[in-house]
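**Q** This structure is in structure tokens; I'll ask about it shortly.
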Amino acid sequence: MKDNKLAILTNGFIKENPVLVLVLGTCPTLAVSTQAINGLGMGLSTTVVLIFSNIFISSLKRVIPDKVRIPCYIVVIATFVTIVQLLLKAYFPDLDRALGIYIPLIVVNCIILGRAEMFANKNSVVDSALDGVGMGIGFTLALTAMACVRELIGSGSLFGISLTAHLIDPMAIFVLAPGGFFTFGVMIALVNKITRGKVRDKQKQGCAGCAQAAACGQAEEGGCQS
Amino acid sequence: MREATMIIMAAVLGNNFVLVKFLGICPFLGVSKKLDSAMGMSIAVVFVMVMSTAATWPIQNLLLEPNGIGYMQTIVFILVIAALVQLVEIAMKKFVPALHRGLGVYLPLITTNCAVLGVCVLNIDEGYGFAQSLLNSFGAGVGFLIAMFLFAGVRGRIESNDYPESFKGIASTLIAASILSLSFMGFAGMIDGIFGM
């Protein structure tokens, strides 16, 4: 039983990492990973929302009617996002400014809705909380790793501390939009290389966890995955 | 007129939602495989973006702000957008069935598209007036359409090429998006140059 709980917790770290394996939540991943500190801040904010929404949705799973469950989930998630937004504004104004519009957009982050739909409405409160912690840490790890790469190459520093000390000119393109797509692409290719393509099937499954999957499948035959 | 052109040009090219601001990446990567579905999706996005701006701007400025509950923005906006999309779908099915056949399947997808919520929140953050907000939303939607159109063409070419095994699937798509995004960076300077900002 204890192993089981541990498995739920560690599932999100690497085996089902929401960003690198399931390829969910691509928008914030690309947008805020320009500086390690922003990546970490975004990751932790999302983790908080994920944990609380998982706990809430799993404890309300018998009360919420099946037909209107998605709007209900969105209200729960939006409430926690607003709380996090206000807390950031009050205590971390710099981070709030840096993340800007991507804070309210946590609401439409498919990781959160995906975990609500895939995990929290089928499992117990404790399991759902653990899943939220695990997935949140996985998201934070991936985001911070990517942000470290981009910050190091793009501005020659790490967590705001200059490392290259003007010896090497930083490649500014890496903190701009094209560098985001490029770094993300290379990281996913690396994961494919390390796992010898085993995760590529999961990338397709990851799409099934998305709340839009049903409509997406109608939109295009198997078009949701790439 | 000059201001209107500037807002639209900036939203379409310089601040392209997908390639510069990273909003709406999911449909950009997901539905860009075939040109016709990419176009259907994009037209639906333009439509919903303008509609939801027309609904959320008055709500924020006439209802939430005067009553001091501006912080309810996120919750209210997402609910309004979700309800609006449902309403539009029902109305479209009843009154314009031909259009519904074309766009209907894309509408539910758009509710949780971050580009739609993004443009509504951005309009408020930028302090745009009502007309300016509508223009900006329209421009953002057209920018999404252009990015989707270009990318659908690019992806057709990638599929038929031979590249390293590890890059198969989403990795190659992201690298291609990176190159496309690079070309859009050039527009940033262009708009500043034309309008002398």
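**Q** Can you give the FRET efficiency to the nearest 0.05 for B:MET190 and A:MET171, using r as the Cβ-Cβ distance and R₀ = 22 Å?
**A** 0.45
**Q** So what J values fall out for region A:159-164 if you push phi through Karplus, 6.51 cos²θ - 1.76 cosθ + 1.60 with θ = phi - 60°, rounded to Hz, Gly and Pro as x?
**A** Values per residue, Gly and Pro as x: 6, x, 9, 5, 10, 7 Hz.
**Q** According to a simple spin-label model (label point 7 Å from Cα along Cα-to-Cβ), what is the distance in nm between A:VAL75 and B:LYS93?
**A** Result for the modelled spin labels: 2.2 nm.
**Q** Here is a follow-up. Between B:ARG101 and B:GLN86, with labels modelled 7 Å along Cα→Cβ, what's the label distance in nm to one decimal, could you check?
**A** 2.7 nm
**Q** List every DSSP H helix in chain B whose Cα atoms extend 30 Å or more along the helix's own long axis and whose mean Kyte-Doolittle hydropathy is at least 1.0.
**A** Span-like helices here: B:35-58, B:73-95, B:130-159, B:170-195.
**Q** Obtain the nm distance between the two label points defined at B:ARG157 and A:LYS122 by a simple spin-label model: each point lies 7 Å from its Cα along the Cα-to-C-beta direction.
**A** It works out to 4.2 nm between the two label points.
**Q** With the cut-off at 30 Å, tell me which of the pairs A:LYS89/B:LYS21; A:LYS5/B:LYS21; A:LYS67/B:LYS94; A:LYS122/B:LYS34; A:LYS122/B:LYS168; A:LYS67/A:LYS193 have Cα atoms farther apart than that. All intermediate terms of the calculation are to be shown ahead of the outcome.
**A** Numbers: A:LYS89/B:LYS21 22 Å; A:LYS5/B:LYS21 39 Å; A:LYS67/B:LYS94 22 Å; A:LYS122/B:LYS34 35 Å; A:LYS122/B:LYS168 33 Å; A:LYS67/A:LYS193 41 Å.
From the list (A:LYS89/B:LYS21; A:LYS5/B:LYS21; A:LYS67/B:LYS94; A:LYS122/B:LYS34; A:LYS122/B:LYS168; A:LYS67/A:LYS193), the Cα-Cα distance tops 30 Å for A:LYS5/B:LYS21; A:LYS122/B:LYS34; A:LYS122/B:LYS168; A:LYS67/A:LYS193.
**Q** Tell me, what is the percent relative contact order of region A:2-216, built from C-alpha pairs under 8 Å that lie six or more residues apart?
**A** For region A:2-216, the relative contact order is 36 percent.
**Q** Something else: May I ask you to evaluate 6.51 cos²θ - 1.76 cosθ + 1.60, the Karplus curve with θ = phi - 60°, for each residue of region A:13-25 and list the ³J(HN,Hα) values in order in whole Hz, giving x for glycine and proline?
**A** So the J values, rounded to whole Hz, are 4, 10, 4, 10, 3, x, 8, 7, 9, 7, 6, 10, x.
**Q** Among B:LYS93, B:LYS168, B:LYS34, whose mean-square fluctuation peaks in a Gaussian network model of chain B (Cα, cutoff 10 Å)?
**A** Result: B:LYS168 has the largest fluctuation of those listed.
**Q** What whole number of Å gives the distance from the Cα centroid of region B:37-61 to the Cα centroid of region A:80-137?
**A** Taking the Cα centre of each part, region A:80-137 and region B:37-61 sit 25 Å apart.
**Q** Using a Förster distance of 51 angstrom, determine the FRET efficiency expected from the C-beta separation of B:GLU3 and A:LYS67, and round it to 0.05.
**A** About 0.65, to the nearest 0.05.
**Q** Same structure, new question: Relative contact order for chain B using alpha-carbon pairs under 8 Å, separation at least 6, rounded to a whole percent? Let's see the in-between values first.
**A** Details: 200 pairs, mean separation 86.3, N = 197.
Taking the mean separation of contacting Cα pairs over the length of chain B, I get 44 percent.
**Q** While we're on this one: List the residues, sorted by chain then number, that are 5 or more residues from A:LEU158 or on another chain and whose placed amide H is less than 5 Å from its amide H.
**A** Result for A:LEU158 returns A:LEU163.
**Q** Related question: Looking at the square roots a ≥ b ≥ c of the eigenvalues of the Cα gyration tensor of the protein assembly as shown, which shape do they give, rounded for a/c under 1.5, prolate if a/b is larger than b/c, or oblate?
**A** Note, shape of the protein assembly as shown comes out rounded.
**Q** For region B:29-154, what is the convex hull volume of its Cα atoms per residue in Å³?
**A** Taking only Cα atoms, region B:29-154 has a hull volume of 101 Å³ per residue.
**Q** Under 10 Å, Cα contacts only: if you run a Gaussian network model on chain B, which one of B:LEU84, B:LEU150, B:LEU174 comes out with the highest mean-square fluctuation?
**A** Among B:LEU84, B:LEU150, B:LEU174, the largest mean-square fluctuation in the Gaussian network model of chain B belongs to B:LEU174.
Laboratory data are not the source of any read-out in this text; all were calculated from the coordinates shown. Source: prediction; values computed, not measured. Here the Cβ is made from the backbone with ideal geometry for all residues, glycine too, and neighbour counts use every protein chain on show.
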